[in-house]
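**Q** One structure is given below, represented as structure tokens, and several questions about it will come after.
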Amino acid sequence: MKTCRRLLTAIACMAATTAATAQEDTPDAGRMVTTARMVAVGATDILDTYLSQEKYKGTEVRYMSHSLSTKPGSNISRLIIHQGMAAFADNRSGNGGEMEGMYNFQYGWLYNWRLYGGRLRVTAGATADATAGFLYNTHGSNNPAQARLNINITPTASAAYTLRWGNTPLTISYELAMPLAGMMFSPNYGQSYYEIFSRGNYDHNIVPTYFGNAPSMRNMLTIDIGLGSNALRIGYLGDIRQAKPNSLKQHKYTHAFLIGFIRTIKTVKVKAGNFTQK
């Protein structure tokens, strides 16, 4: 149990450091900030053998806030992503279901390359990636629910190409994020939550993860239609999450249509501690 507490403390310290960095990062000369707020709806496929050997298929609804900010003259951008998602799925016979709710946060830095006169922008970097949530099985008896808790270092890359359709700018973008290494919480095979939290029986419940035992990826293919300094975004979201902790299998495959609105602003420092937006 001491090892579990130490690892959980390490996770908390990493999250606190990331939050503190985000709060203290005050730009000296303002930033160009591009924020996309999107809603995605699509099909999802869920498996968690701790709760059931059945696969559950249904619908996921997701909200995503994707913010990219860059200082003037810099090739480094700060990326902040918030995602909230809810999924409702049924088994093959239709006599049982699962409900899932999750929140994901990513914070990191990307290096920018601008090619072909600025029409093509390529970025690459890494983020701290944390997820918390739950999965509830309506037919569960002894263990009806499963907690979701993990943190990863996630390499992230994107490419965006801008062209014109008449007087309207169009930007075609692709973004890929693949967790590389981290830690996740999981009961052991046959272990109940009562044993973990009431009796304090630790049994490898904090599991190191890497691409070999938790191959996952999130990718987006989008088209942005320019509307002045703003844009309308439509596209595809694919989110593949897999893991095999403690001889238990879990996966979630989501394929969704997304639509959103993009706003670009410039923050300008007018006096110490005071910023305005253009």
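The values are calculated or read from the model by the stated rules, or taken from the named source; none is laboratory data. These figures come from a predicted structure and were not determined experimentally. All Cβ positions, glycine included, derive from the backbone under ideal geometry; neighbour counts span all protein chains shown. The area values use the complete protein model at the heavy-atom level, side chains included, leaving out ligands, DNA and RNA. Shrake-Rupley method; radii C 1.70, N 1.55, O 1.52, S 1.80 Å.
**Q** Using θ = phi - 60° and the Karplus curve 6.51 cos²θ - 1.76 cosθ + 1.60, what whole-Hz ³J(HN,Hα) does each residue of the range 40-47 get, with Gly and Pro shown as x?
**A** Per-residue couplings from phi come out as 10, 9, x, 8, 9, 10, 10, 9 Hz.
**Q** How much accessible area per residue does the range 210-251 have, counting only protein heavy atoms and a probe of 1.4 Å, in square angstrom?
**A** Ligands and nucleic acids excluded, the figure is 45 Å² per residue.
**Q** A further question follows. Using DSSP to call loops (not H, G, I, E or B), can you name the trypsin sites (Lys or Arg not before Pro) in the range 144-243 whose Cβ has at most 12 other Cβ atoms within 10 angstrom?
**A** Answer in residue order: R199.
**Q** Next up: Counting other Cβ atoms within 10 Å of each Cβ, which chymotrypsin sites (Phe, Trp or Tyr not before Pro) in the range 99-172 have at most 11 and sit in a DSSP loop? Don't skip to the answer; put the middle values down first.
**A** Values: sites: Y103, F105, Y107, W109, Y111, W113, Y116, F134, Y136, Y161, W165; in loops: Y116.
Hits after loop and neighbour filter: Y116.
**Q** Run the numbers for I223 and R119: contour at 0.36 nm per residue of separation, minus the present Cα-Cα distance, in nm.
**A** 36.0 nm
**Q** Evaluate 2.2 N^0.38 Å with N set to the residue count of the range 106-225, then give the Cα radius of gyration divided by it.
**A** The value comes to 1.52.
**Q** I've got another one for you. Once you have a ≥ b ≥ c as the square roots of the Cα gyration tensor eigenvalues for the range 138-186, tell me rounded if a/c is under 1.5, and otherwise prolate or oblate according to whether a/b is larger than b/c. If you can, show how the numbers build up before the last one.
**A** Values: a/c = 7.87, a/b = 2.34, b/c = 3.37.
Verdict is oblate for the range 138-186.
**Q** Efficiency by 1/(1 + (r/R0)^6): what FRET value for L232 and S192, r their Cβ-Cβ distance, R0 = 41 Å, to the nearest 0.05?
**A** 0.25
**Q** When you have a sec, figure out the Kirkwood radius of the range 63-158 from all distinct Cα pair distances and drop it here in Å to one decimal?
**A** 16.0 Å
**Q** Distance in nm between label sites at Y136 and N112, each 7 Å beyond Cα in the beta-carbon direction?
**A** It is 4.3 nm.
**Q** Moving to a separate point now. HN-Hα J couplings of the range 242-249 from phi, Karplus 6.51/-1.76/1.60, θ = phi - 60°, integer Hz, Gly and Pro as x?
**A** 9, 7, 9, x, 6, 6, 10, 9
**Q** Using a simple spin-label model with points 7 Å from Cα along the Cα→Cβ vector, what separation in nm is obtained for A159 and A86?
**A** Those two pseudo-labels are separated by 3.8 nm.
**Q** First select every other residue whose beta carbon is under 13 angstrom from the beta carbon of A86; then total the charges, Lys and Arg +1, Asp and Glu -1.
**A** Once all neighbours under 13 Å are counted, the net charge is 0.
**Q** Something else about it: Explain nothing, just compute: Karplus ³J(HN,Hα) = 6.51 cos²θ - 1.76 cosθ + 1.60, θ = phi - 60°, for every residue of the range 190-204 in order, whole Hz, x for Gly and Pro.
**A** x, 8, 8, 5, 4, 5, 6, 9, 8, 9, x, 8, 6, 8, 6
**Q** Compute the length gained on full extension between T264 and K57: take 0.36 nm times their separation in residues and subtract their Cα-Cα distance, giving the result in nm to one decimal.
**A** Stretched out fully, the T264 to K57 stretch lengthens by 70.8 nm.
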